[in-house]
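Notes follow once the structure below has been shown.
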Amino acid sequence: MLMIETKFFNAINKPDLLQKEGIVDFLFENLQEYGDPKPYIEKAVDYALKETPSFGGFLLISYQNQEISGAVVVNQTGMKDYIPENILVYIATHKKHRGKGIGKELINKAIDLSKGSIALHVEPENPARHLYQKVGFSSKYIEMRLNKER
């Protein structure tokens, strides 16, 4: 198994502002077409760190040569049973480190650290879908959304 240096961040052990900005930038750049606008990513990170009213969660960040090689954001939902306790909001591996097992190691660590079940959203054509299935995720529902203008 690949051994990578990882750092765990949550509401008690928060990254400093520069680290947090680097994590958000990393996710924005490496999620590519499967990502969200930077303000959305920052909201998920703030939620995990309880910098906004929330149930919290955590970040797992992997490093190689002191450079971020992968990142995971998990938010706690505050629910149980009918909606899983956790949602894996983002997972990304640096473009130059893909195919080395970093994503698999990060997702397995996130599973180990999460209390309760975990949900995630993945687009059908996203190749990461195969990794999620390999580690035990299955498709239970088709998600449908109604986005209301505010």
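The values are calculated or read from the model by the stated rules, or taken from the named source; none is laboratory data. Since the model is a prediction, treat every value here as computed from it, not as a measurement. All Cβ positions, even for glycine, are placed from backbone atoms using ideal geometry, and neighbour counts span all protein chains on display. Side chains included, ligands, DNA and RNA excluded: accessible areas come from the protein's heavy atoms. Shrake-Rupley method; radii C 1.70, N 1.55, O 1.52, S 1.80 Å.
Here are some notes:
- The single residue among S69, S62 that is closer than 26 Å to I4 by Cβ and touching a His at 6+ places or on another chain (Cβ under 7 Å) turns out to be S69.
- Segment 40-78 - residue that is closer than 24 Å to G101 by Cβ and free of Cβ contacts under 8 Å to residues at least 24 places away in the same chain and, of those, farthest from the chain's Cα centre (by Cα): N65
- Segment 79-97 - residue that is part of a loop (DSSP other than H, G, I, E, B) and in contact (Cβ under 8 Å) with a residue 12 or more places away in the chain and, of those, surrounded by the fewest Cβ atoms within 10 Å (Cβ to Cβ): K80
- Look at (1) of a type in the set (D, E, K, R); (2) open to solvent by less than 50 Å² (accessible area, probe 1.4 Å); (3) part of a loop (DSSP other than H, G, I, E, B) and you find that K100 fails only one, number (2).
- Within segment 123-135, considering residues that are in a loop (DSSP other than H, G, I, E, B) and either in contact (Cβ under 8 Å) with a residue 24 or more places away in the chain or open to solvent by less than 50 Å² (accessible area, probe 1.4 Å) (or both), the one nearest to V89 (Cα to Cα): E123
- Some residue of segment 105-127 being more than 24 Å from P39 (Cβ to Cβ), of a type in the set (S, T, Y) and within 18 Å of the chain's Cα centre (by Cα): yes
- Condition met for I107 (of a type in the set (A, V, I, L, M, F, W, C) and open to solvent by 50 Å² or more (accessible area, probe 1.4 Å)): no
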